[in-house]
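Enquirer: What follows is a single structure, and I will ask about it in a moment.
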């Protein structure tokens with residue numbers, strides 16, 4: 001099997017697993033586990049909090065050993081075990097511990113996929129990366145659409161229908177944990193077929209990572225991504241709770257991902273062409289501005305009819321910020337530090353920015369209202385997007 005096909009399948013299953021977990025986990029914590037908004041925010045903050053340490057350490061291990069593909073498989077299989085273990089907790093403290101244990105591996109999985117994909121497709125650049133990475137979005141979409149059907153079948157079999165009501169929209173939702181584990185584990189097993197030589201096995205010397213922190217473009221993109229995730233991450237985490245507050249059900253949350261991913265698929269597939277036309281800074285600016293507009297409209301929305309159309313902007317956010325950030329980093333880091341550079345980017349953005357955003361959004365939901373993170377985050381993201389020419393220099397590698 002050709003390398004791009006194998007890597008595309010890894011993306012399909014690794015992000016496909018997220019499609020059965022990410023859109024519904026906060027809803028499970030809020031309704032099924034009966035946690036408060038602040039507690040949900042703190043549980044979700046464990047992912048970026050642990051990622052702050054885990055992501056750069058796993059990246060350094062990959063760069064120092066050159067075993068990037070082997071490490072990718074290990075991360076996926078261990079993350080699968082972490083997803084399965086989430087079915088065990090029965091208290092707030094239990095969910096904190098289990099989510100933190102999951103984060104040790106899961107938060108480094110996507111940066112590892114990015115680094116391996118960029119190394120395998122180095123001759124084709126961003127164009128090859130986009131054509132491989134898009135299969136992750138396809139897998140996510142397939143899972144997020146199929147899971148409610150699976151849940152309905154599970155509820156009918158176990159007799160959960162009688163429990164559905166005003167305070168509990170999805171009884172039996174814990175089935176998501178073993179399902180997610182199985183899907184991600186398949187991705188980890190497929191990763192064993194990836195090659196282990198060539199550009200994917202380049203090694204860095206001890207202490208080389210300090211070169212990144214001395215490089216101005218890299219420092220600036222870390223700051224930009226930190227602020228971008230601060231504005232946008234928390235509202236995304238609480239999106240199922242937000243949809244419920246406007247009268248939606250779990251099926252609504254699932255269907256809402258259709259417009260969210262419909263534009264994302266072509267934008268990621270052709271992200272290389274977009275990079276050639278607008279540059280890495282243009283991608284980042286478009287992503288943050290789109291996210292700001294999306295959340296601002298949601299914050300002022302009186303009902304779901306306002307929310308549906310702006311979910312198309314989610315695809316621009318992913319192609320601009322989530323993909324544009326790694327592509328900018330690929331242009332400014334030496335190849336031997338590819339995994340470290342991507343790991344540190346995830347640490348600062350998803351990690352530090354995500355911690356503050358998730359915890360802050362939970363506090364705003366409890367103290368002000370479920371609309372507050374969307375209004376404040378949206379306005380902040382629009383201001384950040386307009387400031388791109390001032391914050392980000394043109395990408396270049398260290399001399």
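Enquirer: Mind checking which residues of region 301-317 are over 22 Å from the mean Cα position of the chain (by Cα) and surrounded by 17 or more Cβ atoms within 10 Å (Cβ to Cβ)?
Expert: 301 - this is the single residue of region 301-317 that is over 22 Å from the mean Cα position of the chain (by Cα) and surrounded by 17 or more Cβ atoms within 10 Å (Cβ to Cβ).
Residues are listed down the side, and each one gets a yes or a no for (1) crowded, with 23+ Cβ neighbours inside 10 Å; (2) modelled with pLDDT under 80; (3) in contact with a strand residue (DSSP E or B) (Cβ under 6 Å, 6 or more places away or on another chain):
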residue: 11; (1), (2), (3): yes, no, no
residue: 16; (1), (2), (3): yes, no, no
residue: 26; (1), (2), (3): yes, no, no
residue: 36; (1), (2), (3): no, no, no
residue: 40; (1), (2), (3): yes, no, no
residue: 46; (1), (2), (3): no, no, no
residue: 50; (1), (2), (3): no, no, no
residue: 64; (1), (2), (3): no, yes, no
residue: 70; (1), (2), (3): no, no, no
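Enquirer: On to the next question. May I ask you to verify whether residue 181 is in contact with a helix residue (DSSP H, G or I) (Cβ under 9 Å, 6 or more places away or on another chain) and either at pLDDT below 85 or surrounded by fewer than 20 Cβ atoms within 10 Å (Cβ to Cβ) (or both)?
Expert: In short, no.
Residues are listed down the side, and each one gets a yes or a no for (1) touching a strand residue (DSSP E or B) at 6+ places or on another chain (Cβ under 6 Å); (2) touching a residue at least 12 places away in the same chain (Cβ under 8 Å); (3) surrounded by fewer than 23 Cβ atoms within 10 Å (Cβ to Cβ); (4) part of a helix (DSSP H, G or I):
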| site | (1), (2), (3), (4) |
| --- | --- |
| 219 | no, no, yes, yes |
| 240 | no, yes, no, yes |
| 247 | no, yes, yes, no |
| 259 | no, yes, yes, yes |
| 277 | no, no, yes, yes |
| 288 | no, yes, no, yes |
| 292 | no, yes, no, yes |
| 299 | no, yes, yes, yes |
| 320 | no, yes, no, yes |
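Enquirer: Quick check on my filter: what residues within region 20-45 are under 16 Å from the mean Cα position of the chain (by Cα) and part of a loop (DSSP other than H, G, I, E, B)?
Expert: Of everything in region 20-45, those that are under 16 Å from the mean Cα position of the chain (by Cα) and part of a loop (DSSP other than H, G, I, E, B) turn out to be 20, 21.
Enquirer: Confirm whether residue 281 is farther than 23 Å from residue 372 by Cα, part of a helix (DSSP H, G or I) and touching a residue at least 12 places away in the same chain (Cβ under 8 Å).
Expert: Yes: the conditions hold for residue 281.
Enquirer: Criterion first (over 21 Å from the mean Cα position of the chain (by Cα), modelled with pLDDT of 80 or more and assigned to a helix (DSSP H, G or I)) does residue 265 satisfy it?
Expert: In short, no.
Enquirer: Working only within region 360-371, note down all residues that are surrounded by fewer than 19 Cβ atoms within 10 Å (Cβ to Cβ) and either part of a helix (DSSP H, G or I) or in contact with a strand residue (DSSP E or B) (Cβ under 6 Å, 6 or more places away or on another chain) (or both).
Expert: Scanning region 360-371 gives 363, 366, 367.
Enquirer: Being surrounded by fewer than 21 Cβ atoms within 10 Å (Cβ to Cβ), at pLDDT below 60 and either out of contact with any strand residue (DSSP E or B) (no Cβ under 9 Å at 6 or more places or on another chain) or not in a helix (DSSP H, G or I) (or both): is that true of residue 156 here?
Expert: Considered against the rule, which asks whether it is surrounded by fewer than 21 Cβ atoms within 10 Å (Cβ to Cβ), at pLDDT below 60 and either out of contact with any strand residue (DSSP E or B) (no Cβ under 9 Å at 6 or more places or on another chain) or not in a helix (DSSP H, G or I) (or both), residue 156 comes out as no.
The values are calculated or read from the model by the stated rules, or taken from the named source; none is laboratory data. Values in this document were obtained by computation on a predicted structure and should not be read as measured data. Note that each Cβ is placed from the backbone with ideal geometry, even for glycine, and that neighbours are counted across all protein chains shown.
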